[in-house]
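Trainee: Shown below is the structure under consideration.
The values are calculated or read from the model by the stated rules, or taken from the named source; none is laboratory data. A quick note: this is a predicted structure, and the numbers were derived from the prediction, not measured. Counting neighbours? That spans all protein chains shown, and the Cβs are built from the backbone with ideal geometry, glycine included.
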Amino acid sequence: MIFNFEKYFVCIARLIGLNFVFLVAMMLYRVFFFFYFSKGMSLEGLEHYIVQSFILGLRFDLSSIAYINAPIILIFTTFLIIRNLLLFKNSVFFIKFYYWISFTFLAILNAIDFAFYSIFNNHINILIFDFFKDDALTLIKTIIYDPRFLTATMALIVSSCAIYILVSRTCNNLISIRYFSFNTSFLNIFNMQMKITTVLIIFVLTFLMARGTVSMFPLGKYHTQISPNTFINDLSITSLSSLADALYAKYEQSDKKKNVQELLKVSKNEIDASIFEKISQENKTAEEIKPNVVVIIMEGFGKLPILYNSPGFNVLGELKEHFEQDTVFYNFLAAGTITINALETTILNMPQRPAGIQITQSPQSFKKFPSSSAKPYKDAGYSIKAVYGGSLTWRTIEDFLKNQGFQTYGEGTVVKQFPHQWGINDKQFFELVLRELKKKSAMPQFIWALSTATHAPYETPPYYKALNLEIPDDLMKKITNNDRKYIKQMFKTYQFANREAAKFLTEIKNSDLAQNTIVVITGDHNLREFTLKDEELFKRYAVPLYVYVPEKLKKKFNTELCASHLDIMPTLYDLSLSKAKYISAGISLLEEENVKGINFNNDHTNSFAKQNSNKSKKHIAFNSEGFVLCENIAAQYDIATGKTKNFTFDSNTKMLSFTQETKEHKDLVDYYKKTVASADVYLNRDAYTKTE
């Protein structure tokens, strides 16, 4: 006897029955999870979201089962080539224990996840790896003495025994003579090509179930933002998916556990995190008005396309009028080259550190930082909100934002219309921000918001009709992708976002909000499709900073200053608060501000720090790539090699020119290194962080 197609299909059919039982068990566990943790919750009116969550949970369960079954299907398919029945019978022993161990592990993981949720109100995350960093023995004793521990242990033992019995019976049937003598003659009507096609279909179905979706991203936490209720969103997530996310976050950290201070070659006596402690200007008008403050970071809102804006290439649309009416900084750098850089910098008031671990995907995301941009507003009695145009599970930002004092709103808080792969379109994004801003409240509001739409694959709602977008040849030469249709769609998406921003600003200016609302709009980074030379480094990193200030609150700005994301919040504190204490590595952009630079109180204090300790208008900007800019000079420091490229900067053409290193260049890089090193010490020092 040989292992043939007939036996292959019968084995698959038998395993479908086995896995159906496991699928039902997983669904019942979710029902138990729902009723256990929903006690006391007000879920009235959210019934349709609960149904959606259970349906999504079924997809997660099928994905877990598909991953477990993938190796077994591969084994069965291999025996179609080997065709040795005896060898197959011997392999069934492995299959039996594989299923038993896999599903027992899943049961144990569910129990761990259940306990984790009971403590942290969250599924398994990167914090689980810190278990043994505390007093592990005491923690274990605490768990054992919990009255639920014995019940959980007994349930796991019973579950494991039941799994073993079920798997053993199924596997015994796989190799029994009676089983293989089952009449499979009906399969003979299929020819060889159809049988092979069926095998391929089984592979494809397994792959699709494991992936969980045919959209751009595999099924994951990213897809769970289906409602405004966090618990309902959490309901669909499996413990296996949560563990996978935690392992990935841990993996991302594995090669980044480096001492930034040592890599930058900054000595300990040059570190002083106290230099970040500041006080905003006295502002009696702000005290009286208590203005709303809105910070909007737009995905892909880089400066380079704006340099080419014209009636024929109208990327700004109606936003151009607002740019002309209000204040815009053009010598302005994004915090880094990815979205999370902009998010962390504006939320934590600290620079991105090269070779440093992202805070949002580390255990520190669960800590409260005194440098949180929300803290001065919270201390002043503001309502604090964060709006994200996508899934709040992205890079675990929901936990991070909540721990920094924000109420969070994401794509799950709106009924999506014409969504894109990363979340809601910019029309809905700005409507969501405006909705929260217009909510009646006795308190002024601080709203931080981040859009997601100007991102590949570039999409706009089908109803959108673009303005002229004839791409200049000079700009087209700077783009790697020479597919004009793709590039035009990219600029169409960019234009759509800008026009929606303009509508948002127009609505504010035409309402009562015009007199008591400050609005800042900037980009997280430039569009990614450009290939630029070293002389165009500034254009690679530059984003505009737009500022709208009500007439009564207006102050003098010097828009020629070189600045970065770091300087947004200190500027807003001066405009909207009075004598507010805050912690920030940034410096206010108000022209009359007594700019306080970094004084490291040692013999190595550089001239830039000294100049910035008085009313000098010099202002230093830098980003995560080690690019540093001040007035007419620039440098790029490579932390990996310790080498520096030195430039002069033409603020008119926005071009750089290579030059020999001067003392000013050395001072510029020295300032950057000491600031970043001090920020890294601040962010990683327990004395500066407290658990929520």
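Trainee: Hey, among Glu287, Glu282, which residue is outside any helix (DSSP H, G or I), over 30 Å from Gly389 (Cβ atoms), at pLDDT 90 or above and of a type outside the set (S, T, N, Q)? If you could, list the steps in order and put the result at the bottom.
Mentor: Working: Glu287 fails: outside any helix (DSSP H, G or I).
When all the criteria are applied, what remains is Glu282.
Trainee: So Asp574 ticks every box in (1) of a type in the set (Asp, Glu); (2) farther than 30 Å from Tyr682 by Cα; (3) in contact with a strand residue (DSSP E or B) (Cβ under 8 Å, 6 or more places away or on another chain) but one. Which box is left unticked?
Mentor: (2)
Trainee: Only one of Leu319, Leu348 is surrounded by 24 or more Cβ atoms within 10 Å (Cβ to Cβ) and over 30 Å from Ala677 (Cα atoms). Can you tell me which?
Mentor: Within the list Leu319, Leu348, the selection yields Leu319.
Trainee: Still on this structure: If a residue counts only when it is over 19 Å from the mean Cα position of the chain (by Cα), which strands (runs of 3 or more DSSP E) contained entirely in region 355-456 have at least 1 such residues?
Mentor: It comes to 383-388, 445-450.
Trainee: Please work out if Ala501 is in contact with a Lys or Arg (Cβ under 8 Å, 6 or more places away or on another chain), buried (at least 24 other Cβ atoms within 10 Å of the Cβ) and not charged (D, E, K, R).
Mentor: no
Trainee: Filter region 29-51 down to residues that are loosely packed, with under 12 Cβ neighbours inside 10 Å and over 30 Å from Ser159 (Cα atoms), then give me how many there are.
Mentor: Total meeting the criteria: 5.
Trainee: If you take the residues in region 1-20 that are surrounded by 15 or more Cβ atoms within 10 Å (Cβ to Cβ) and aliphatic (A, V, I, L, M), which one is nearest to Asn233 (Cα to Cα)?
Mentor: Leu18
Trainee: Determine, yes or no, whether Ala542 is of a type in the set (A, V, I, L, M, F, W, C), touching a residue at least 12 places away in the same chain (Cβ under 8 Å) and under 21 Å from Ala453 (Cβ atoms).
Mentor: Spelling it out, Ala542 is indeed of a type in the set (A, V, I, L, M, F, W, C), touching a residue at least 12 places away in the same chain (Cβ under 8 Å) and under 21 Å from Ala453 (Cβ atoms).
Trainee: Would you check which residues across region 434-454 are surrounded by 22 or more Cβ atoms within 10 Å (Cβ to Cβ) and not small (Gly, Ala, Ser) and list them?
Mentor: Listed by number, the residues that qualify are Leu437, Phe446, Ile447, Trp448, Leu450, Thr452, Thr454.
Trainee: Under the condition of being among the small types (Gly, Ala, Ser), within 16 Å of Val676 (Cα to Cα) and surrounded by fewer than 16 Cβ atoms within 10 Å (Cβ to Cβ), which residue from region 635-659 is farthest from the chain's Cα centre (by Cα)?
Mentor: Gly642
Trainee: Tell me yes or no: at least one residue of region 495-510 is of a type outside the set (Val, Ile, Thr) and in a loop (DSSP other than H, G, I, E, B).
Mentor: Within region 495-510, the subset of a type outside the set (Val, Ile, Thr) is 495-505, 507, 509-510.
With the extra rule that they be in a loop (DSSP other than H, G, I, E, B), the set shrinks to 510.
Looking for residues that are of a type outside the set (Val, Ile, Thr) and in a loop (DSSP other than H, G, I, E, B), one finds at least one in region 495-510, hence yes.
Trainee: So which residues in region 457-487 are surrounded by 15 or more Cβ atoms within 10 Å (Cβ to Cβ), out of contact with any Lys or Arg (no Cβ under 9 Å at 6 or more places or on another chain) and not in a loop (DSSP other than H, G, I, E, B)?
Mentor: Those that are surrounded by 15 or more Cβ atoms within 10 Å (Cβ to Cβ), out of contact with any Lys or Arg (no Cβ under 9 Å at 6 or more places or on another chain) and not in a loop (DSSP other than H, G, I, E, B): Leu475, Ile479, Ile487.
Trainee: Can I ask one more? Within the set of pairs 6+ apart or on separate chains, which have a first residue in region 285-314 that is on the phi > 0 side of the Ramachandran plot, a second that is in a strand (DSSP E or B) and surrounded by 19 or more Cβ atoms within 10 Å (Cβ to Cβ), and C-beta atoms under 9 Å apart?
Mentor: Gly300/Gly523
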